[in-house]
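Student: Next up is a structure, given as structure tokens.
The values are calculated or read from the model by the stated rules, or taken from the named source; none is laboratory data. Since the structure is predicted, the reported quantities are computational estimates derived from the model, not experimental observations. Glycine gets a Cβ as well: all are built from the backbone with ideal geometry, and neighbour counts include every protein chain shown.
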Amino acid sequence: MGSLLSGVSFKEPTTVEDCDSTWETDSEPEAPGAGTGSAGRGPASPRPALPCPRARRAGTGGPNRTEPNRTEPRRAAVRASGDGAELTAKPKRSFYAARDLYKYRHQYPQNFKDLRYQNDLCNLRFYKNKIPFKPDGVYIEEVLNKWKGDYEKLEHNHTYIQWLFPLREQGLNFYAKELTTYEIEEFKKTKEAIRRFLLAYKMMLEFFGIKLIDKTGNVARAANWQERFQHLNESQHNYLRITRILKSLGELGYESFKSPLVKFILQEALVEDTIPNIKQSALEYFVYTIRDRRERRKLLRFAQQHYTPSEHFIWGPPRRQKSEGSKASKKPASPVSIPNSHISKHKKPKEPKNTSASGSSAGKITEERKVEFTKNGEENDQDEQEVNCDAVRQNNSEKNSDTDTSQLSKSEEINDNSDRKEDASYSKKDDENMNNDSSLNCSRIILVICSCIYLYYI
């Protein structure tokens with residue numbers, strides 16, 4: 001078995017999207033009114049009159065935690081001054097929560113501890129009333145009979161919950177042992193253990209203000225619901241306990257009990273507003289303990305219809321991008337009709353029938369206009385002549401400047417050539433001098449060597 005497990009490769013999820021497969025195979029159309037807030041709701045049910053909840057206790061969720069390394073997300077609420085309206089910050093998905101519940105739904109892959117504790121069966125023996133839970137030393141029968149209804153003890157004791165609802169993961173009570181697959185199978189076969197397990201579930205539901213009404217897992221408000229809902233709305237560490245209870249139901253054969261309980265909590269939190277502080281944990285944790293995707297989708301659609309503000313709902317299906325293939329083609333702009341205000345030059349306007357006096361006056365006006373046109377024409381001719389003269393002058397000046405620049409460039413080229421010739425002559429002289437010097441030095445060296453040889457032989 002060990003060799004088989006070691007050969008199985010498991011890819012650790014790295015994002016929330018990797019952990020959440022709720023909407024992967026969803027082919028259902030969007031529910032009408034989903035994501036529109038109160039627009040998709042039916043008639044609102046009357047809300048019960050609850051006493052105003054007290055301020056949250058400082059430090060809840062800190063030392064009272066019952067699971068390791070988990071920080072329950074808190075709702076950031078700000079009371080606006082004046083009207084008392086509540087402004088909530090947009091929530092964010094928790095990667096730790098998504099990864100934790102992904103491993104739970106996939107039967108804890110790479111859990112190699114499962115092989116080492118197959119013969120221990122501490123959880124089963126506890127439920128058979130053979131051993132007490134540690135470190136308190138209390139048996140299951142005493143818990144079910146004497147602790148039931150003792151809400152102070154159930155609230156402040158934090159070691160019994162890991163024994164009443166065991167999991168295949170370690171809790172804060174290190175005396176409690178993890179479940180194994182072998183122990184789970186043996187637990188389901190033991191009627192005595194199953195009977196006590198259901199009694200423990202009923203006891204905790206009553207502690208939360210809820211009662212189990214049938215064998216299918218349906219729940220309703222208990223007789224003491226008002227007091228217990230107020231307490232549940234304030235004590236956030238109990239949300240961790242609910243998560244553990246839901247997980248344990250699924251491990252020990254009661255997966256069908258989870259969906260009714262989560263639906264009831266969402267109804268009370270989102271519709272009835274009796275436990276509003278629990279809605280973040282319900283959507284981030286409780287829903288995702290359910291292994292069936294279809295059940296999760298039903299619960300999330302129900303929550304989306306009643307969640308406010310609707311734009312802050314982040315657990316719905318991903319938005320589908322619309323295809324851009326159906327873009328409307330641009331129509332060519334129609335030519336603008338030109339009004340018939342322009343009269344053709346070849347057509348003469350119709351002359352109205354007037355008296356002789358009007359005809360003579362019109363003739364005078366036309367003669368005056370002709371004189372003005374001739375004057376304007378002469379002035380225009382003079383202006384054109386002046387402009388042409390200026391243009392000729394500018395052209396001449398440009399030509400002169402071009403000749404000057406050409407002459408300057410030629411003179412510069414001549415000077416450069418002369419400088420180059422001088423440099424070449426100087427370089428030739430320098431080379432000749434160097435050659436002369438080198439020949440003199442060689443002759444001197446030869447003389448010195450010859451004199452040395454002569455003196456040696458003498």
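Student: Would you mention how many residues in the stretch 290-323 are modelled with pLDDT of 90 or more, over 20 Å from SER94 (Cα atoms) and small (Gly, Ala, Ser)?
Tutor: 0
Student: Residues that are in contact with a Pro (Cβ under 9 Å, 6 or more places away or on another chain): list the helices (runs of 4 or more DSSP H) wholly contained in the stretch 186-264 that include at least 2 such residues. Explain how you work it out, then say what you get.
Tutor: Numbers: elements: 191-208, 225-234, 237-251.
Qualifying helices (runs of 4 or more DSSP H): 225-234, 237-251.
Student: Taking the stretch 144-161, which residues are assigned to a loop (DSSP other than H, G, I, E, B) and surrounded by 14 or more Cβ atoms within 10 Å (Cβ to Cβ)?
Tutor: TRP147, LYS148, ASN157, HIS158, THR159, TYR160 - these are the residues of the stretch 144-161 that are assigned to a loop (DSSP other than H, G, I, E, B) and surrounded by 14 or more Cβ atoms within 10 Å (Cβ to Cβ).
Student: Would you confirm, using the coordinates I've provided, whether GLU178 is assigned to a helix (DSSP H, G or I) and charged (D, E, K, R)?
Tutor: Values: assigned to a helix (DSSP H, G or I): no; charged (D, E, K, R): yes.
The answer is no for GLU178.
Student: Further, regarding this structure: Could you please give the count of residues in the stretch 258-272 that are under 15 Å from PHE208 (Cβ atoms) and surrounded by 21 or more Cβ atoms within 10 Å (Cβ to Cβ)?
Tutor: Total meeting the criteria: 7.
Student: Please state which of the following conditions ALA200 fails to meet, knowing it meets all the rest: (1) among the aliphatic types (A, V, I, L, M); (2) more than 15 Å from PHE257 (Cβ to Cβ); (3) buried (at least 20 other Cβ atoms within 10 Å of the Cβ).
Tutor: (2)
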